[in-house]
1. Select, from LEU9, LEU26, LEU49, the only residue that is among the aliphatic types (A, V, I, L, M) and free of Cβ contacts under 8 Å to residues at least 60 places away in the same chain.
2. If you go through segment 56-77 one residue at a time, how many are in contact (Cβ under 8 Å) with a residue 24 or more places away in the chain and either in contact with a Phe, Trp or Tyr (Cβ under 8 Å, 6 or more places away or on another chain) or buried (at least 18 other Cβ atoms within 10 Å of the Cβ) (or both)?
3. With the checklist (1) touching a residue at least 40 places away in the same chain (Cβ under 8 Å); (2) of a type in the set (D, E, K, R); (3) under 15 Å from PHE41 (Cα atoms) in hand, flag the one item GLU82 doesn't pass.
4. It is to be established whether one or more residues within segment 34-45 are among the hydrophobic types (A, V, I, L, M, F, W, C), at pLDDT below 90 and closer than 17 Å to ALA7 by Cβ.
5. Testing ASP89 on (1) in contact with a Ser or Thr (Cβ under 6 Å, 6 or more places away or on another chain); (2) buried (at least 17 other Cβ atoms within 10 Å of the Cβ); (3) farther than 16 Å from LYS1 by Cβ, one condition comes back false. Which one is that?
6. If you take the residues of segment 2-18 that are of a type in the set (A, V, I, L, M, F, W, C) and not in a loop (DSSP other than H, G, I, E, B), which of them is surrounded by the most Cβ atoms within 10 Å (Cβ to Cβ)?
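The values are calculated or read from the model by the stated rules, or taken from the named source; none is laboratory data. For clarity, every value in this text was computed on a predicted model and none was experimentally measured. Virtual Cβ from ideal backbone geometry, glycine too; neighbours counted across all protein chains shown.
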Amino acid sequence: KTLELTAFLDTGNKLKDPYKKRPIILVNKSLIEIDYESSNFLIVPYDSLNHQGLLKCIIPDKVFISGIGFRKNFLIGISNEEIKIDGIDCIISNSLLEEN
């Protein structure tokens, strides 16, 4: 499936999975249709300024970032809390802008 989303580049976002150090794109839960039987999931522990917890992540094939190109080797974190920036659907980190 393909989604077209508007992202916010959060230069302070250092969220990575502790297993393979892949960056995580946070996406509003309401924007993702999840097929729980056929999707690849990974549970990632996180620690933020506000709290700690476990983040359910999808392992996607690739992402296309306008002006940058295709990127692989990342996760999509399903955010249960809405991103509270008008017009923004997801949050990405600087590490996705680097060559991989």
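1. LEU49
2. 8
3. Of the numbered conditions (1) touching a residue at least 40 places away in the same chain (Cβ under 8 Å); (2) of a type in the set (D, E, K, R); (3) under 15 Å from PHE41 (Cα atoms), the odd one out for GLU82 is (3).
4. no
5. Among (1) in contact with a Ser or Thr (Cβ under 6 Å, 6 or more places away or on another chain); (2) buried (at least 17 other Cβ atoms within 10 Å of the Cβ); (3) farther than 16 Å from LYS1 by Cβ, ASP89 violates only (3).
6. In this case the residue turns out to be ALA7.
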